[in-house]
Amino acid sequence: ALGREEGGHAGALLRAARTAPAGQDVDPMADEFPGTLENVIEQRSLKWVFVGGKGGVGKTTCSCSLAVRLAEVRESVLLISTDPAHNVSDAFDQKFSSRPTLVSGFQNLYAMEIDPTPEANELATVDGEEDGSLLTDLAGAVPGVDEAMSFAEVLKLLNSMDYSCVVFDTAPTGHTLRLLQLPATLDKGLLKVLDLQQTFGGLMGQVAAMLGMPGMAGADDLFDKLRDMREVVKQVHAQFCDPALTTFVCVGIAEFLSLYETERLVQELTEQNIECRNIIVNQLLYLDSEEPSKLLQSRLRMQKKYLQQYEDLYNEDFGFHLTKLPLLEEEVRGVESIKAFSMNLVRPFFDVSRVSPRGHHARVRRAWAP
């Protein structure tokens, strides 16, 4: 893909060359920036929106900004963080917990932070009574089932709350891929556990009654609960594979490791039949003076190199929307800053309408940059 000479970034350069006045330099980043997330915001059928990518690329800022934009067109939006190192509370400057909490300044935007890996004493209960010992033993017998059961409980909670759209601020790529694989893990693991029940269920009950083990005597109730969990997760997994209901937004920066991980994530999502048509390239530098420092010039050259590869890999010819977001002088924190920054998801940040006397395309900050 990186060797293509037409379409994508090369096509952008050709269009810029044809329209640039004679004698002026053509800036590879001076093309129009039509890529936005309007396609996500306008698709009213979407129920689940995942935002993920490599650690440190600005996933939380992007997910919070997207949730803010969605809240303007949806009845109710829930932003849920599945990253063990939660940052949504820091982004909105408001404390959130494992229960949905209304975000200050909004009437229909809620946020919550969960840990998809539960502690032993946080595992499910049956009929209001702690069954942690048996559940922990069963979960530990099949790798990944404890995590899957916790995720199943979250999905049951989300289904019962009837939000019109749920935005997931996910953990870094490796954790996210594992999270998305949990439905298959749960299905395989519970099949093994349920097979044991069919084979030894009667014997287990008799032994438990003889030995006075109430935890084992309640195994049937536990297995019924696990069956219910399995059905819920299977239903949601079917929704995850439906492009009318689910999409994944990949966030990266213009560096090699991020580009490599973004491509790996896109390929994994494709294998899991989860739609991924939106790529965000975040933290882009821009020229704000005609005499940039050597460091800025060096970073800009590197940025242009990898941005070209992003455009070659994820252009409209392949069905992608590539959105470019700026690196700002100040951090995006607090409701008002997130609201302002969220405008960059629906309108291009960079403006090439002003050209400096030396022929370099200068960039003008939009009013919505905090």
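No value in this document is a laboratory result; all are computed from the given coordinates. Since the structure is predicted, the reported quantities are computational estimates derived from the model, not experimental observations. No Cβ is skipped: glycine too gets one built from the backbone with ideal geometry, and neighbour counts run over all protein chains shown.
Spin-label pair Lys95-Lys234: with each label point 7 Å from Cα along the Cα-Cβ axis, the two points sit 4.2 nm from one another. Of the cross-linked pairs Lys59/Lys192; Lys294/Lys339; Lys54/Lys304; Lys54/Lys305; Lys47/Lys324; Lys47/Lys225, those separated by over 28 Å at the C-alpha level are Lys59/Lys192; Lys294/Lys339.
Note on Arg44/Ser298: beta-carbon distance plugged into 1/(1 + (r/R0)^6) with R0 of 56 Å gives a FRET efficiency of 0.80.
Give, as a single signed number, the net charge of other residues whose beta carbon lies under 14 Å from the beta carbon of Ile253, with Lys and Arg counted +1 and Asp and Glu -1. Spell out each step's value before the answer.
Details: positive: Lys54, Lys59, Arg299, Lys304, Lys305, Lys324; negative: Glu255, Glu261, Glu263.
Here the charged neighbours net out to +3.
Label-to-label distance for Glu329 and Thr270 is 4.2 nm, based on points extended 7 Å past Cα in the beta-carbon direction.
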